[in-house]
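These notes concern the structure reproduced below.
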Amino acid sequence: MSSNGAPPLRLEGVERRYRTEAGELPVLRGADLTLSTGEIVALVAPSGTGKSTLLHLAGLLERPDGGEVVVEGRAAGTLSDDERTAIRRGTIGFVYQFHHLLPEFTAEENIALPQMAAGTPRAEAHARARELLAAFGLKGREHHRPGKLSGGEQQRVAIARALANRPRILLADEPTGNLDLATADRVFAELLDAVRNRGVAALIATHNPDLAARMDRVVTLREGRVVAG
């Protein structure tokens, strides 16, 4: 629970439709989901059923066509773009299948920059970046640019970056989908450990049933609604 007693994230009857040349395409039709503090939920569903859409709505990257996204008890529907950006920056961490690290910056700088954007002093941001890199087994890689890191190392930097601002919610879209099985297993183990140790509420989309089975519960999307997996 958050400091006000509300769950970190709640989706209430969320709807999302996309307009195509053939007309409206409904993707979500009243999706409900609640994440509790320290809970890790797997989202396992076939491609094209709305997993990424659900994550984008939960992360306030898109606005729903109906229903409400509630973050720590605060309904996001009536918030301005600036207010939504502030929540994303301070409350929500994202991890994508492709790491999206800034290639011209070092691993340490990639983790420090979002902290500095949120107002953390430079020295403190860099110190936390080094601490996170060490926690993910990347001590000694602080000054390497992404191009000098392996795929698994890059994704671990991306996870550390997502946790840099101490989010209460972590959203991950196929975070190990671009890695070989052995690397994916190690990165995922580190992700689970980091989330559990920090009491973060996490929603992780994955196609890997073995990884999903290691989470607290599994949900899927069926006819635009969230149901138990």
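The values are calculated or read from the model by the stated rules, or taken from the named source; none is laboratory data. As the structure is a computational prediction, the values presented were derived from the model and not from experiment. Positions of Cβ are backbone-derived with ideal geometry, glycine not excepted, and every protein chain shown enters the neighbour counts. These accessible areas exclude ligands, DNA and RNA; they are computed on the full protein's heavy atoms, side chains included. Shrake-Rupley method; radii C 1.70, N 1.55, O 1.52, S 1.80 Å.
Summary of values
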{"read-out": "Test: residue in segment 209-228 that is assigned to a loop (DSSP other than H, G, I, E, B) and at pLDDT below 85", "value": "no"}
{"read-out": "Within segment 136-154, tally of residues that are assigned to a helix (DSSP H, G or I) and of a type in the set (Lys, Arg)", "value": "1"}
{"read-out": "Matching residues in segment 1-28 - criterion: being surrounded by fewer than 16 Cβ atoms within 10 Å (Cβ to Cβ), part of a loop (DSSP other than H, G, I, E, B) and either of a type in the set (S, T, N, Q) or free of Cβ contacts under 8 Å to residues at least 24 places away in the same chain (or both)", "value": "3, 4, 21, 22"}
{"read-out": "Some residue of segment 58-66 being farther than 30 Å from residue 149 by Cβ, crowded, with 20+ Cβ neighbours inside 10 Å, touching a helix residue (DSSP H, G or I) at 6+ places or on another chain (Cβ under 7 Å) and free of Cβ contacts under 8 Å to residues at least 60 places away in the same chain", "value": "yes"}
{"read-out": "Meets criteria (outside any loop (DSSP other than H, G, I, E, B), at pLDDT below 90 and closer than 27 Å to residue 87 by Cβ) for residue 161", "value": "no"}
{"read-out": "Count - residues of segment 98-119 that are open to solvent by 30 Å² or more (accessible area, probe 1.4 Å), in contact (Cβ under 8 Å) with a residue 24 or more places away in the chain and of a type outside the set (D, E, K, R)", "value": "9"}
{"read-out": "Residue in segment 29-48 that is least open to solvent (accessible area, probe 1.4 Å), counting only those that are in contact with a Lys or Arg (Cβ under 8 Å, 6 or more places away or on another chain) and in a loop (DSSP other than H, G, I, E, B)", "value": "45"}
{"read-out": "Residue under evaluation residue 83, criteria (1) closer than 30 Å to residue 142 by Cβ; (2) open to solvent by 40 Å² or more (accessible area, probe 1.4 Å); (3) of a type in the set (Asp, Glu), criterion not met", "value": "(1)"}
{"read-out": "Segment 106-135, residues that are more than 20 Å from the chain's Cα centre (by Cα) and part of a loop (DSSP other than H, G, I, E, B)", "value": "106, 119, 120, 121"}
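Okay, residues lined up against (1) closer than 30 Å to residue 26 by Cβ; (2) free of Cβ contacts under 8 Å to residues at least 24 places away in the same chain; (3) open to solvent by less than 20 Å² (accessible area, probe 1.4 Å); (4) of a type in the set (A, V, I, L, M):
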{"position": "138", "(1), (2), (3), (4)": "no, no, yes, yes"}
{"position": "151", "(1), (2), (3), (4)": "no, no, no, no"}
{"position": "175", "(1), (2), (3), (4)": "yes, no, yes, no"}
{"position": "195", "(1), (2), (3), (4)": "no, no, yes, yes"}
